[in-house]
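The values are calculated or read from the model by the stated rules, or taken from the named source; none is laboratory data. Note that this is a predicted model, so its numbers are computed, not measured. Reconstructed Cβ throughout: ideal geometry from the backbone, glycine too, with neighbour counts over all protein chains shown.
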Ligand SMILES: Cc1cc2nc3c(=O)[nH]c(=O)nc-3n(C[C@H](O)[C@H](O)[C@H](O)COP(=O)(O)OP(=O)(O)OC[C@H]3O[C@@H](n4cnc5c(N)ncnc54)[C@H](O)[C@@H]3O)c2cc1C
(Lines give C-alpha, C1' and ligand atoms only; values in the text may rest on other atoms or scores of the structure.)
Protein backbone atom coordinates (compact mmCIF):
# COMPACT_ATOMS: atom_id res chain seq x y z
CA UNK A 1 0.00 0.00 0.00
CA UNK A 2 1.39 3.46 -0.85
CA UNK A 3 1.90 5.82 2.06
CA UNK A 4 -0.23 8.91 2.39
CA UNK A 5 1.66 12.15 2.97
CA UNK A 6 1.20 14.65 5.79
CA UNK A 7 3.35 17.59 6.78
CA UNK A 8 2.85 17.15 10.52
CA UNK A 9 2.12 13.87 12.27
CA UNK A 10 1.13 14.25 15.93
CA UNK A 11 1.31 10.94 17.79
CA UNK A 12 -0.85 10.71 20.91
CA UNK A 13 -4.30 12.07 21.61
CA UNK A 14 -3.52 14.08 24.73
CA UNK A 15 -2.99 17.69 25.56
CA UNK A 16 0.56 17.99 24.24
CA UNK A 17 -0.50 16.89 20.75
CA UNK A 18 -3.70 18.94 20.81
CA UNK A 19 -1.95 22.14 21.77
CA UNK A 20 0.74 21.50 19.20
CA UNK A 21 -1.97 21.27 16.51
CA UNK A 22 -3.51 24.49 17.74
CA UNK A 23 -0.23 26.40 17.68
CA UNK A 24 0.76 25.05 14.28
CA UNK A 25 -2.37 26.67 12.90
CA UNK A 26 -2.12 29.83 15.02
CA UNK A 27 1.42 30.34 13.75
CA UNK A 28 0.40 29.90 10.15
CA UNK A 29 1.21 26.28 9.28
CA UNK A 30 -0.55 25.51 6.00
CA UNK A 31 0.27 21.87 5.44
CA UNK A 32 -1.68 18.80 6.44
CA UNK A 33 -1.84 18.09 10.18
CA UNK A 34 -2.80 14.57 11.32
CA UNK A 35 -3.31 13.76 15.00
CA UNK A 36 -3.50 10.06 15.89
CA UNK A 37 -4.76 9.02 19.33
CA UNK A 38 -5.38 5.61 20.84
CA UNK A 39 -8.33 6.66 23.01
CA UNK A 40 -11.80 6.93 21.54
CA UNK A 41 -12.34 10.41 22.99
CA UNK A 42 -10.91 13.43 21.23
CA UNK A 43 -8.19 15.24 23.24
CA UNK A 44 -9.41 16.31 26.67
CA UNK A 45 -8.13 17.80 29.90
CA UNK A 46 -7.16 14.76 31.93
CA UNK A 47 -7.10 16.59 35.32
CA UNK A 48 -10.91 16.67 35.33
CA UNK A 49 -10.90 12.86 35.71
CA UNK A 50 -10.22 13.25 39.44
CA UNK A 51 -12.14 16.49 39.94
CA UNK A 52 -15.44 17.83 38.52
CA UNK A 53 -15.93 15.03 36.00
CA UNK A 54 -15.46 12.33 38.64
CA UNK A 55 -18.02 14.05 40.86
CA UNK A 56 -20.56 14.15 38.02
CA UNK A 57 -20.52 17.95 37.88
CA UNK A 58 -19.34 17.98 34.26
CA UNK A 59 -20.62 16.41 31.08
CA UNK A 60 -18.45 14.33 28.78
CA UNK A 61 -18.00 17.43 26.59
CA UNK A 62 -16.86 19.80 29.35
CA UNK A 63 -13.27 18.51 29.65
CA UNK A 64 -12.70 18.49 25.87
CA UNK A 65 -9.71 20.49 24.66
CA UNK A 66 -11.90 21.91 21.88
CA UNK A 67 -15.41 21.06 20.61
CA UNK A 68 -15.71 18.62 17.71
CA UNK A 69 -16.26 21.35 15.07
CA UNK A 70 -13.02 23.11 15.98
CA UNK A 71 -10.89 20.34 14.52
CA UNK A 72 -12.76 20.59 11.21
CA UNK A 73 -12.53 24.38 11.14
CA UNK A 74 -8.80 24.16 11.73
CA UNK A 75 -8.37 21.45 9.09
CA UNK A 76 -6.72 19.18 11.59
CA UNK A 77 -7.49 15.54 10.90
CA UNK A 78 -8.29 13.69 14.10
CA UNK A 79 -7.92 9.90 14.05
CA UNK A 80 -9.16 8.65 17.42
CA UNK A 81 -9.25 5.00 18.46
CA UNK A 82 -6.10 4.50 16.39
CA UNK A 83 -2.58 3.56 17.51
CA UNK A 84 0.70 4.39 15.82
CA UNK A 85 2.30 0.96 15.82
CA UNK A 86 5.61 1.80 14.17
CA UNK A 87 7.71 4.89 13.64
CA UNK A 88 10.63 4.81 11.23
CA UNK A 89 12.53 8.09 11.51
CA UNK A 90 14.93 7.02 8.71
CA UNK A 91 12.22 6.89 6.05
CA UNK A 92 9.97 9.44 7.81
CA UNK A 93 7.11 6.95 7.89
CA UNK A 94 4.69 5.62 10.47
CA UNK A 95 2.34 2.64 10.50
CA UNK A 96 -1.11 2.94 12.03
CA UNK A 97 -3.33 0.26 13.57
CA UNK A 98 -5.90 0.93 10.82
CA UNK A 99 -3.26 -0.41 8.36
CA UNK A 100 -2.50 3.02 6.92
CA UNK A 101 1.11 4.03 6.21
CA UNK A 102 1.89 7.71 6.68
CA UNK A 103 4.87 9.61 5.35
CA UNK A 104 5.47 12.74 7.42
CA UNK A 105 7.58 15.85 7.24
CA UNK A 106 7.82 16.41 10.97
CA UNK A 107 6.51 14.27 13.82
CA UNK A 108 5.66 14.83 17.47
CA UNK A 109 5.80 11.90 19.85
CA UNK A 110 3.45 12.70 22.73
CA UNK A 111 2.45 9.24 23.89
CA UNK A 112 2.02 10.33 27.52
CA UNK A 113 2.23 7.95 30.43
CA UNK A 114 0.58 4.84 31.86
CA UNK A 115 -0.39 4.21 35.46
CA UNK A 116 2.04 2.20 37.54
CA UNK A 117 0.31 -1.05 38.46
CA UNK A 118 0.67 -2.77 41.83
CA UNK A 119 0.53 -6.52 41.44
CA UNK A 120 -0.22 -7.78 44.94
CA UNK A 121 -2.45 -10.74 45.82
CA UNK A 122 -6.07 -9.97 45.12
CA UNK A 123 -5.33 -7.41 42.39
CA UNK A 124 -7.75 -9.20 40.07
CA UNK A 125 -10.76 -8.57 42.33
CA UNK A 126 -13.57 -6.36 41.06
CA UNK A 127 -13.84 -2.72 42.11
CA UNK A 128 -10.09 -2.10 42.16
CA UNK A 129 -9.46 0.87 39.91
CA UNK A 130 -6.72 2.98 38.38
CA UNK A 131 -7.47 6.46 37.10
CA UNK A 132 -6.06 7.83 33.87
CA UNK A 133 -8.98 8.29 31.47
CA UNK A 134 -12.54 9.58 31.36
CA UNK A 135 -13.56 5.92 30.93
CA UNK A 136 -11.79 5.04 34.21
CA UNK A 137 -13.66 7.88 35.93
CA UNK A 138 -16.96 6.55 34.52
CA UNK A 139 -16.16 3.07 35.85
CA UNK A 140 -15.42 4.42 39.34
CA UNK A 141 -18.61 6.48 39.35
CA UNK A 142 -20.69 3.50 38.23
CA UNK A 143 -19.21 1.26 40.93
CA UNK A 144 -19.38 3.55 43.94
CA UNK A 145 -23.15 4.06 44.02
CA UNK A 146 -23.57 0.97 46.17
CA UNK A 147 -20.32 1.46 48.09
CA UNK A 148 -19.69 2.93 51.56
CA UNK A 149 -15.93 2.58 52.13
CA UNK A 150 -13.32 3.54 49.57
CA UNK A 151 -9.59 3.11 50.16
CA UNK A 152 -7.15 5.22 48.16
CA UNK A 153 -3.70 3.72 47.72
CA UNK A 154 -1.08 6.47 47.48
CA UNK A 155 -0.58 9.79 49.23
CA UNK A 156 0.28 11.93 46.23
CA UNK A 157 -2.09 14.31 44.54
CA UNK A 158 -4.23 11.69 42.73
CA UNK A 159 -5.03 9.86 45.99
CA UNK A 160 -5.75 13.14 47.77
CA UNK A 161 -7.92 14.58 44.99
CA UNK A 162 -9.94 11.38 44.59
CA UNK A 163 -10.39 11.14 48.37
CA UNK A 164 -11.76 14.70 48.37
CA UNK A 165 -14.06 14.09 45.39
CA UNK A 166 -15.49 10.82 46.70
CA UNK A 167 -15.93 12.22 50.22
CA UNK A 168 -17.96 15.03 48.65
CA UNK A 169 -20.10 12.28 47.09
CA UNK A 170 -20.80 10.89 50.57
CA UNK A 171 -18.27 8.04 50.66
CA UNK A 172 -16.11 7.11 53.68
CA UNK A 173 -12.58 7.50 52.33
CA UNK A 174 -9.24 6.50 53.75
CA UNK A 175 -5.76 6.85 52.31
CA UNK A 176 -3.08 4.17 52.69
CA UNK A 177 0.37 5.52 51.84
CA UNK A 178 4.08 4.92 52.29
CA UNK A 179 4.72 8.58 53.13
CA UNK A 180 4.60 10.07 56.63
CA UNK A 181 2.47 12.95 55.37
CA UNK A 182 0.39 13.35 52.22
CA UNK A 183 2.09 15.13 49.29
CA UNK A 184 5.39 15.36 51.17
CA UNK A 185 7.46 13.71 48.42
CA UNK A 186 6.90 16.62 46.05
CA UNK A 187 6.21 19.49 48.42
CA UNK A 188 7.75 18.68 51.80
CA UNK A 189 6.16 18.13 55.21
CA UNK A 190 4.92 21.68 55.93
CA UNK A 191 2.75 22.06 52.86
CA UNK A 192 1.89 18.35 53.02
CA UNK A 193 0.66 18.74 56.59
CA UNK A 194 -1.61 21.60 55.54
CA UNK A 195 -3.31 19.42 52.95
CA UNK A 196 -3.47 16.38 55.19
CA UNK A 197 -5.18 18.49 57.88
CA UNK A 198 -7.67 19.66 55.27
CA UNK A 199 -8.44 16.07 54.29
CA UNK A 200 -8.76 14.93 57.91
CA UNK A 201 -10.99 17.86 58.86
CA UNK A 202 -13.39 16.64 56.17
CA UNK A 203 -13.39 13.08 57.45
CA UNK A 204 -10.73 11.38 55.33
CA UNK A 205 -8.73 8.93 57.46
CA UNK A 206 -5.04 8.86 56.60
CA UNK A 207 -2.87 5.79 57.31
CA UNK A 208 0.79 6.84 56.93
CA UNK A 209 3.90 4.66 56.57
CA UNK A 210 2.00 1.64 55.28
CA UNK A 211 2.98 -0.78 52.55
CA UNK A 212 0.14 -2.41 50.69
CA UNK A 213 0.26 -6.19 51.23
CA UNK A 214 -2.85 -7.56 49.49
CA UNK A 215 -6.53 -7.20 48.76
CA UNK A 216 -9.13 -9.70 49.92
CA UNK A 217 -12.72 -10.38 48.96
CA UNK A 218 -14.97 -12.86 47.25
CA UNK A 219 -15.01 -11.83 43.59
CA UNK A 220 -15.23 -8.21 44.63
CA UNK A 221 -12.78 -6.41 46.90
CA UNK A 222 -13.84 -6.31 50.56
CA UNK A 223 -10.68 -5.29 52.43
CA UNK A 224 -7.22 -3.80 52.04
CA UNK A 225 -4.36 -5.34 54.05
CA UNK A 226 -1.01 -3.73 54.78
CA UNK A 227 2.35 -5.25 55.77
CA UNK A 228 1.97 -3.93 59.30
CA UNK A 229 -1.26 -5.91 59.76
CA UNK A 230 -3.78 -3.14 59.15
CA UNK A 231 -7.05 -4.40 57.65
CA UNK A 232 -9.40 -1.77 56.23
CA UNK A 233 -12.89 -2.45 54.91
CA UNK A 234 -13.17 -1.36 51.27
CA UNK A 235 -15.88 -2.08 48.75
CA UNK A 236 -13.87 -0.05 46.23
CA UNK A 237 -10.20 0.85 45.88
CA UNK A 238 -8.55 3.50 43.73
CA UNK A 239 -4.81 3.19 43.22
CA UNK A 240 -2.71 6.29 42.57
CA UNK A 241 0.83 4.95 42.57
CA UNK A 242 2.39 7.18 39.95
CA UNK A 243 2.93 6.77 36.23
CA UNK A 244 5.61 5.61 33.84
CA UNK A 245 6.13 7.20 30.43
CA UNK A 246 4.78 5.27 27.44
CA UNK A 247 8.05 4.52 25.65
CA UNK A 248 7.21 1.45 23.53
CA UNK A 249 7.03 3.27 20.21
CA UNK A 250 10.04 5.46 21.02
CA UNK A 251 12.21 2.46 21.89
CA UNK A 252 11.19 0.53 18.79
CA UNK A 253 11.97 3.62 16.70
CA UNK A 254 15.47 3.73 18.20
CA UNK A 255 15.02 7.11 19.89
CA UNK A 256 17.49 7.84 22.65
CA UNK A 257 16.03 7.42 26.15
CA UNK A 258 17.37 9.85 28.75
CA UNK A 259 18.74 9.38 32.23
CA UNK A 260 15.35 10.37 33.72
CA UNK A 261 13.55 7.70 31.70
CA UNK A 262 11.92 9.90 29.05
CA UNK A 263 12.54 10.48 25.35
CA UNK A 264 15.83 12.42 25.42
CA UNK A 265 15.37 15.84 23.87
CA UNK A 266 17.47 18.97 23.58
CA UNK A 267 16.29 22.37 24.80
CA UNK A 268 14.20 22.72 21.56
CA UNK A 269 12.39 19.45 22.41
CA UNK A 270 13.98 17.76 19.40
CA UNK A 271 14.66 14.05 19.95
CA UNK A 272 17.74 12.15 18.79
CA UNK A 273 16.01 11.37 15.45
CA UNK A 274 15.75 13.96 12.70
CA UNK A 275 12.40 15.79 12.55
CA UNK A 276 10.98 13.93 15.55
CA UNK A 277 10.09 16.01 18.60
CA UNK A 278 8.67 14.97 21.96
CA UNK A 279 6.40 16.75 24.46
CA UNK A 280 4.41 16.14 27.61
CA UNK A 281 4.72 13.27 30.07
CA UNK A 282 7.03 11.31 27.76
CA UNK A 283 9.51 14.12 27.18
CA UNK A 284 12.83 14.57 28.96
CA UNK A 285 14.50 17.82 27.99
CA UNK A 286 17.42 20.09 28.72
CA UNK A 287 15.93 22.99 30.65
CA UNK A 288 17.64 26.30 29.92
CA UNK A 289 15.87 27.72 32.99
CA UNK A 290 17.18 25.11 35.43
CA UNK A 291 20.47 24.18 33.78
CA UNK A 292 19.63 20.49 34.12
CA UNK A 293 17.49 17.82 32.51
CA UNK A 294 13.82 17.60 33.50
CA UNK A 295 10.92 15.23 32.92
CA UNK A 296 7.64 16.45 34.32
CA UNK A 297 4.18 14.90 34.31
CA UNK A 298 2.01 17.99 34.64
CA UNK A 299 -0.83 19.35 32.61
CA UNK A 300 0.64 22.82 32.08
CA UNK A 301 3.97 21.37 30.97
CA UNK A 302 2.30 19.22 28.31
CA UNK A 303 0.31 22.26 27.21
CA UNK A 304 3.31 24.58 26.88
CA UNK A 305 5.61 21.99 25.39
CA UNK A 306 3.04 21.37 22.65
CA UNK A 307 3.38 25.03 21.75
CA UNK A 308 7.19 24.99 21.81
CA UNK A 309 7.21 21.97 19.49
CA UNK A 310 4.84 23.70 17.06
CA UNK A 311 7.14 26.73 16.91
CA UNK A 312 10.21 24.57 16.36
CA UNK A 313 8.46 22.49 13.71
CA UNK A 314 7.99 25.83 11.95
CA UNK A 315 11.71 26.55 12.20
CA UNK A 316 11.60 29.23 14.90
CA UNK A 317 14.45 27.64 16.87
CA UNK A 318 13.17 28.50 20.36
CA UNK A 319 14.17 26.80 23.62
CA UNK A 320 11.47 25.55 25.96
CA UNK A 321 11.92 28.17 28.67
CA UNK A 322 8.58 28.08 30.50
CA UNK A 323 8.92 27.51 34.26
CA UNK A 324 6.91 24.34 34.98
CA UNK A 325 3.63 25.00 36.80
CA UNK A 326 1.43 22.54 38.67
CA UNK A 327 -1.92 22.84 40.40
CA UNK A 328 -4.01 20.46 42.46
CA UNK A 329 -7.53 20.88 43.76
CA UNK A 330 -9.14 19.13 46.73
CA UNK A 331 -12.80 19.48 45.80
CA UNK A 332 -14.03 22.81 47.12
CA UNK A 333 -11.84 22.50 50.23
CA UNK A 334 -8.60 23.96 48.94
CA UNK A 335 -6.18 24.31 46.07
CA UNK A 336 -2.43 24.50 45.66
CA UNK A 337 -0.29 25.98 42.93
CA UNK A 338 3.40 25.31 42.45
CA UNK A 339 6.26 26.37 40.22
CA UNK A 340 9.59 24.57 40.19
CA UNK A 341 10.38 21.75 40.40
CA UNK A 342 12.81 21.80 43.29
CA UNK A 343 13.72 18.13 43.30
CA UNK A 344 15.81 18.53 46.42
CA UNK A 345 16.06 21.57 48.64
CA UNK A 346 17.83 22.49 51.86
CA UNK A 347 15.57 25.16 53.35
CA UNK A 348 11.92 26.24 53.34
CA UNK A 349 10.80 29.80 53.97
CA UNK A 350 7.10 30.26 54.74
CA UNK A 351 5.38 33.53 53.87
CA UNK A 352 2.06 34.01 55.64
CA UNK A 353 0.56 31.36 57.82
CA UNK A 354 -0.59 27.83 57.07
CA UNK A 355 -3.08 28.32 59.94
CA UNK A 356 -4.84 31.11 57.97
CA UNK A 357 -4.93 29.01 54.83
CA UNK A 358 -3.03 31.66 52.87
CA UNK A 359 0.69 31.10 52.53
CA UNK A 360 3.59 30.60 50.18
CA UNK A 361 6.42 28.14 50.81
CA UNK A 362 9.70 29.06 49.12
CA UNK A 363 11.98 26.04 48.56
CA UNK A 364 15.61 27.13 48.71
CA UNK A 365 18.47 25.07 47.25
CA UNK A 366 22.07 26.27 47.13
CA UNK A 367 21.05 29.77 48.25
CA UNK A 368 18.48 30.28 45.48
CA UNK A 369 14.72 29.82 45.12
CA UNK A 370 14.27 26.41 43.51
CA UNK A 371 10.47 26.27 43.71
CA UNK A 372 7.46 27.88 45.36
CA UNK A 373 4.10 26.50 46.46
CA UNK A 374 1.19 28.75 47.23
CA UNK A 375 -2.26 28.54 48.69
CA UNK A 376 -4.22 31.71 48.05
CA UNK A 377 -1.27 33.91 47.03
CA UNK A 378 -1.05 33.24 43.29
CA UNK A 379 0.72 36.54 42.60
CA UNK A 380 3.75 35.25 44.49
CA UNK A 381 4.29 32.71 41.72
CA UNK A 382 5.18 35.42 39.20
CA UNK A 383 7.96 36.51 41.50
CA UNK A 384 9.02 32.90 41.96
CA UNK A 385 9.26 32.49 38.18
CA UNK A 386 11.56 35.52 37.96
CA UNK A 387 13.72 34.41 40.89
CA UNK A 388 14.09 30.97 39.31
CA UNK A 389 14.75 32.16 35.77
CA UNK A 390 17.25 34.85 36.87
CA UNK A 391 18.86 32.43 39.36
CA UNK A 392 18.82 35.14 42.01
CA UNK A 393 21.21 34.57 44.94
CA UNK A 394 19.34 35.19 48.20
CA UNK A 395 21.00 37.35 50.86
CA UNK A 396 19.71 37.87 54.40
CA UNK A 397 17.54 40.79 53.35
CA UNK A 398 15.98 38.64 50.61
CA UNK A 399 15.23 35.89 53.16
CA UNK A 400 13.43 38.43 55.36
CA UNK A 401 11.40 39.80 52.46
CA UNK A 402 10.37 36.33 51.28
CA UNK A 403 9.17 35.48 54.80
CA UNK A 404 7.29 38.76 55.30
CA UNK A 405 3.63 38.56 54.16
CA UNK A 406 3.78 42.29 53.33
CA UNK A 407 7.33 42.31 51.93
CA UNK A 408 7.82 43.77 48.46
CA UNK A 409 8.92 40.74 46.45
CA UNK A 410 9.76 42.93 43.46
CA UNK A 411 12.82 44.17 45.40
CA UNK A 412 14.32 40.71 45.89
CA UNK A 413 17.45 40.38 43.76
CA UNK A 414 17.27 43.98 42.54
C1 LIG B 1 -6.68 11.82 37.08
C2 LIG B 1 -5.60 12.77 36.70
C3 LIG B 1 -5.59 14.03 37.26
C4 LIG B 1 -4.59 14.93 36.94
N5 LIG B 1 -4.60 16.16 37.53
C6 LIG B 1 -3.61 17.04 37.27
C7 LIG B 1 -3.58 18.30 37.89
O8 LIG B 1 -4.45 18.63 38.70
N9 LIG B 1 -2.58 19.14 37.59
C10 LIG B 1 -1.59 18.81 36.70
O11 LIG B 1 -0.69 19.63 36.42
N12 LIG B 1 -1.58 17.60 36.08
C13 LIG B 1 -2.57 16.72 36.34
N14 LIG B 1 -2.58 15.49 35.72
C15 LIG B 1 -1.48 15.15 34.78
C16 LIG B 1 -1.78 15.64 33.37
O17 LIG B 1 -3.08 15.30 33.02
C18 LIG B 1 -0.77 15.04 32.39
O19 LIG B 1 0.51 15.52 32.74
C20 LIG B 1 -1.10 15.39 30.95
O21 LIG B 1 -2.35 14.87 30.59
C22 LIG B 1 -0.04 14.85 30.01
O23 LIG B 1 -0.42 15.08 28.68
P24 LIG B 1 0.27 14.29 27.48
O25 LIG B 1 -0.36 14.84 26.25
O26 LIG B 1 1.73 14.33 27.63
O27 LIG B 1 -0.10 12.76 27.70
P28 LIG B 1 -1.48 12.00 27.89
O29 LIG B 1 -2.51 12.89 28.46
O30 LIG B 1 -1.15 10.74 28.59
O31 LIG B 1 -1.92 11.66 26.41
C32 LIG B 1 -1.22 10.73 25.61
C33 LIG B 1 -2.22 10.04 24.75
O34 LIG B 1 -1.53 9.34 23.71
C35 LIG B 1 -2.09 8.04 23.54
N36 LIG B 1 -1.07 7.17 22.95
C37 LIG B 1 -0.01 6.59 23.56
N38 LIG B 1 0.72 5.90 22.66
C39 LIG B 1 0.10 6.04 21.47
C40 LIG B 1 0.37 5.55 20.16
N41 LIG B 1 1.42 4.78 19.91
N42 LIG B 1 -0.48 5.88 19.18
C43 LIG B 1 -1.56 6.69 19.43
N44 LIG B 1 -1.85 7.18 20.64
C45 LIG B 1 -1.03 6.85 21.65
C46 LIG B 1 -2.51 7.65 24.95
O47 LIG B 1 -3.47 6.64 24.92
C48 LIG B 1 -3.05 8.99 25.46
O49 LIG B 1 -4.40 9.15 25.11
C50 LIG B 1 -3.58 14.57 36.02
C51 LIG B 1 -3.59 13.29 35.43
C52 LIG B 1 -4.59 12.39 35.77
C53 LIG B 1 -4.59 11.02 35.16
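For region 225-248, the set of residues classified as buried (at least 19 other Cβ atoms within 10 Å of the Cβ), in a strand (DSSP E or B) and within 15 Å of the ligand (Cβ to nearest atom) consists of 238, 239, 245, listed by residue number.
Need the failing condition index for residue 185 against (1) more than 15 Å from the ligand (Cβ to nearest atom); (2) surrounded by fewer than 18 Cβ atoms within 10 Å (Cβ to Cβ); (3) touching a residue at least 60 places away in the same chain (Cβ under 8 Å); (4) closer than 30 Å to residue 12 by Cα, just the number. Residue 185 satisfies all of (1) more than 15 Å from the ligand (Cβ to nearest atom); (2) surrounded by fewer than 18 Cβ atoms within 10 Å (Cβ to Cβ); (3) touching a residue at least 60 places away in the same chain (Cβ under 8 Å); (4) closer than 30 Å to residue 12 by Cα except (3). Of note, residue 125 does not satisfy the criterion of being surrounded by 16 or more Cβ atoms within 10 Å (Cβ to Cβ), more than 30 Å from residue 216 (Cβ to Cβ) and either out of contact with any strand residue (DSSP E or B) (no Cβ under 8 Å at 6 or more places or on another chain) or modelled with pLDDT of 95 or more (or both).
Within region 249-259, if we keep just the residues that are away from the ligand (no atom under 11 Å from the Cβ) and exposed (fewer than 15 other Cβ atoms within 10 Å of the Cβ), the residue that is nearest to residue 136 (Cα to Cα) turns out to be 251.
Quick grid of which residues meet (1) more than 9 Å from the ligand (Cβ to nearest atom); (2) within 30 Å of residue 161 (Cβ to Cβ); (3) under 20 Å from the mean Cα position of the chain (by Cα):
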| site | (1), (2), (3) |
| --- | --- |
| 16 | no, yes, yes |
| 55 | yes, yes, yes |
| 63 | yes, yes, yes |
| 75 | yes, no, no |
| 90 | yes, no, no |
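Between 398, 403, 384, the distinction of being under 21 Å from residue 327 (Cβ atoms) and surrounded by 13 or more Cβ atoms within 10 Å (Cβ to Cβ) belongs to 384 only.
Within region 107-119, residues that are in contact (Cβ under 8 Å) with a residue 60 or more places away in the chain sit with their Cβ atoms under 8 Å from residues that are within 6 Å of the ligand (Cβ to nearest atom) and part of a strand (DSSP E or B), at 6+ positions apart or across chains, in these pairs: 107/11; 108/11; 109/11; 110/11; 111/11. Restricting 276, 301, 263, 237 to residues that are touching a strand residue (DSSP E or B) at 6+ places or on another chain (Cβ under 6 Å), at pLDDT 95 or above and closer than 30 Å to residue 204 by Cβ narrows the list to 237. Return yes when residue 68 is at pLDDT below 95, on the phi < 0 side of the Ramachandran plot and more than 11 Å from the ligand (Cβ to nearest atom) and no when it is not. The answer is yes for residue 68. Which of the residues spanning region 261-296 are at positive phi, part of a loop (DSSP other than H, G, I, E, B) and within 16 Å of the ligand (Cβ to nearest atom)? Matches in region 261-296: 261, 269.
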